[in-house]
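Visitor: Can you read through this structure? Questions will come right after.
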Amino acid sequence: MTISPFDLILLLGSVQGAILSVLLWINPKGNRLSNRLLASLIGLLASMSFAVGMPATSRWWVLAMDLLPLIIAMPIGPLIYFYARSILDPAFELGRRERRHFYPIILDLGAKLMGWVFIIGLFLGFFDQTSGPAWGAIMDEYNTYVDIPRWLSVTIYLTLTKRVLNQYQASLQNHQGQQHLRWLNQFINMFLAFQVIWLIHLVPYIVPAWRGPLLDRFGWYPIYIPIAILIYWLGFKGYLHTRSEASKPGPPLSSKSASPDLSTSTIEQVVNALTKAMEQEKRYLDPDLSVDKLGQYLQLPPKLISAVLNQHVGKNFNGFINEYRVEEVKRRLLDPLHEHLTLTGIAFESGFNSQATFQRTFKQLTGTSPGEYMIQQKKKTSQIGI
């Protein structure tokens, strides 16, 4: 079997991507969620590179390419967006709302589902082999035009990511965190450059009269050679960034000198408003509470809330809110009125929207797991009764 130099580049890129994806996924250093989001992104690119670079040596491989979901592109945009958010906010978690962003993956699977319907129908006798070419033509047309929402999705999420990064940079009062900001700017700019290349290839590709000559002359190499370059660059730069961030101590968030522009009266006003919203109005019970939503409720700029929390309270927004939620869970565990609820049920009623976030946050703040804490409290109660 002879492999062309371009296919060899794609295959080596896919192998490199698979290795780096595994290393990032199991890497104990740095932010675990960030590592795994980047690992997933590299893994998707590696799978796509493998699917295109592997020569079609038999009809069975061609059939496998038609049926196996090796080219999945719709999650790329959300992965980029949530990776950036997890870098900017180490307490960020993928909750139920965030997971909805991955539902459009069904568009990637459309042609594969058609193929499986035909194969199953063929075995059951609903279709005959003579209808195979017609099904194949429909699948090819689908694969052609589904690239439009794919390109739009990645572009929209890159725009959102750029906006979040710009807002974060504008909220900084000093030069702390410049290293990860430089990395994220490079990360976004690389994908924006790729989007331009993709668009140049996409426009003639979706025009029926131009599609055949384009693929005959250039194939998919104008798209997938840059993807292989992205795999190498993302893998090495992302892995090195993870190691450098893990080895560098974080800045003291409680240093009041970090924001000399905020007056004492402004800080007190924001802290009092936050305390009232949490302790009296229990806004933390809202599982979808965000700094933007709270800022709208308090009629305060979200950037001001974040600045006061980070630089004067010494906590990020999620950490501040989750402390109140943990205290609410502890209170409800001792309340007989909530005995009918499970531990997870109490956590969700206390404002958590993810069991994993609840378990991790509870242990971080109390030093014990929720289950162990409940057992300890029951023992204390029984000893008092004795």
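Visitor: Without any contact (Cβ under 8 Å) to a residue 60 or more places away in the chain and of a type in the set (D, E, K, R) - does that describe any residue in the range 22-30?
Guide: No; the residues of the range 22-30 include none that is without any contact (Cβ under 8 Å) to a residue 60 or more places away in the chain and of a type in the set (D, E, K, R).
Visitor: Look through Ile9, Ile71 and report the one residue that is outside any helix (DSSP H, G or I), among the aliphatic types (A, V, I, L, M) and touching a residue at least 24 places away in the same chain (Cβ under 8 Å).
Guide: Sole residue among the options that is outside any helix (DSSP H, G or I), among the aliphatic types (A, V, I, L, M) and touching a residue at least 24 places away in the same chain (Cβ under 8 Å): Ile71.
Visitor: Just to be sure before I move on: is Phe358 buried (at least 16 other Cβ atoms within 10 Å of the Cβ), part of a helix (DSSP H, G or I), touching a Pro at 6+ places or on another chain (Cβ under 6 Å) and at negative phi in the structure I sent?
Guide: It is false that Phe358 is buried (at least 16 other Cβ atoms within 10 Å of the Cβ), part of a helix (DSSP H, G or I), touching a Pro at 6+ places or on another chain (Cβ under 6 Å) and at negative phi.
Visitor: Quick check: anything in the range 317-329 over 26 Å from the mean Cα position of the chain (by Cα), within 16 Å of Lys282 (Cβ to Cβ) and not hydrophobic (A, V, I, L, M, F, W, C)?
Guide: Yes, the range 317-329 contains a residue that is over 26 Å from the mean Cα position of the chain (by Cα), within 16 Å of Lys282 (Cβ to Cβ) and not hydrophobic (A, V, I, L, M, F, W, C).
Visitor: Next question. Could you please find all residues in the range 30-68 being in a loop (DSSP other than H, G, I, E, B) and within 18 Å of the chain's Cα centre (by Cα)?
Guide: Scanning the range 30-68 gives Gly30, Asn31.
Visitor: Cβ contacts < 6 Å: first residue acidic (Asp, Glu), restricted to the range 291-317; second residue in a helix (DSSP H, G or I), any location; separation 6+ or different chain. Result?
Guide: If the second residue must be in a helix (DSSP H, G or I), the pairs left are Asp292/Pro302.
Visitor: With (1) part of a loop (DSSP other than H, G, I, E, B); (2) surrounded by 14 or more Cβ atoms within 10 Å (Cβ to Cβ) as the list, and Leu107 as the residue in question, which single condition is left unmet?
Guide: All conditions pass for Leu107, except number (1).
Visitor: Mind checking which residues of the range 330-361 are over 13 Å from Pro287 (Cβ atoms) and under 23 Å from the mean Cα position of the chain (by Cα)?
Guide: Ala356, Gln359, Arg360, Thr361
Visitor: Okay, moving on. Taking the conditions exactly as written (over 19 Å from Trp220 (Cβ atoms), among the aliphatic types (A, V, I, L, M), modelled with pLDDT of 90 or more and in the same structural domain as Val154 (by TED's automatic domain parsing)), does Met139 satisfy them or not?
Guide: No, not satisfied.
Visitor: If you scan the range 337-354, which residues turn out to be over 16 Å from Met374 (Cα atoms) and in a helix (DSSP H, G or I)?
Guide: Residues satisfying the conditions are Phe348, Glu349.
Visitor: On the basis of being touching a Leu at 6+ places or on another chain (Cβ under 8 Å), of a type in the set (Phe, Trp, Tyr), outside the structural domain of Pro302 (by TED's automatic domain parsing) and in a helix (DSSP H, G or I), does Tyr83 make the cut?
Guide: yes
Visitor: Oh, and also: Look at the range 98-112 and say how many of its residues are under 17 Å from Asn353 (Cβ atoms) and among the hydrophobic types (A, V, I, L, M, F, W, C).
Guide: Residues in the range 98-112 being under 17 Å from Asn353 (Cβ atoms) and among the hydrophobic types (A, V, I, L, M, F, W, C): 1 in total.
Visitor: Of all residues in the range 314-336, which are closer than 18 Å to Leu88 by Cβ and hydrophobic (A, V, I, L, M, F, W, C)?
Guide: Residues satisfying the conditions are Phe317, Phe320, Ile321.
Visitor: Here is a further query. When the range 137-172 is examined, which residues are found to be in contact (Cβ under 8 Å) with a residue 24 or more places away in the chain and among the basic types (Lys, Arg)?
Guide: Arg150, Lys162
Okay, residues lined up against (1) surrounded by fewer than 18 Cβ atoms within 10 Å (Cβ to Cβ); (2) out of contact with any Lys or Arg (no Cβ under 7 Å at 6 or more places or on another chain); (3) in the same structural domain as Ile105 (by TED's automatic domain parsing); (4) not hydrophobic (A, V, I, L, M, F, W, C):
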| position | (1), (2), (3), (4) |
| --- | --- |
| Trp25 | yes, no, yes, no |
| Ser34 | no, yes, yes, yes |
| Gly43 | no, yes, yes, yes |
| Ile76 | no, yes, yes, no |
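Visitor: Ok, one more. Does Ile267 satisfy being touching a Lys or Arg at 6+ places or on another chain (Cβ under 9 Å), over 30 Å from Thr344 (Cα atoms) and modelled with pLDDT of 85 or more?
Guide: Answer is yes for this residue.
Visitor: Let me ask something else. Only residues in the range 91-107 that are outside the structural domain of Phe352 (by TED's automatic domain parsing) count as the first member; pair them with residues that are among the charged types (D, E, K, R) and surrounded by 12 or more Cβ atoms within 10 Å (Cβ to Cβ), Cβ under 8 angstrom, at least 6 apart or cross-chain, and list the lot.
Guide: Cβ pairs passing all conditions: Phe92/Arg85; Leu107/Arg150.
Yes/no matrix, rows are residues, columns are (1) closer than 22 Å to Asn143 by Cβ; (2) exposed (fewer than 13 other Cβ atoms within 10 Å of the Cβ); (3) in contact with a Lys or Arg (Cβ under 8 Å, 6 or more places away or on another chain):
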site	(1), (2), (3)
Phe92	no, no, yes
Phe102	yes, no, no
Val117	yes, no, no
Gly121	yes, no, no
Gln129	yes, yes, no
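The values are calculated or read from the model by the stated rules, or taken from the named source; none is laboratory data. These numbers were taken from a predicted model, which means no experiment stands behind them. Don't worry about glycine lacking a Cβ; one is built from the backbone with ideal geometry, like all the others, and counts go over all protein chains shown.
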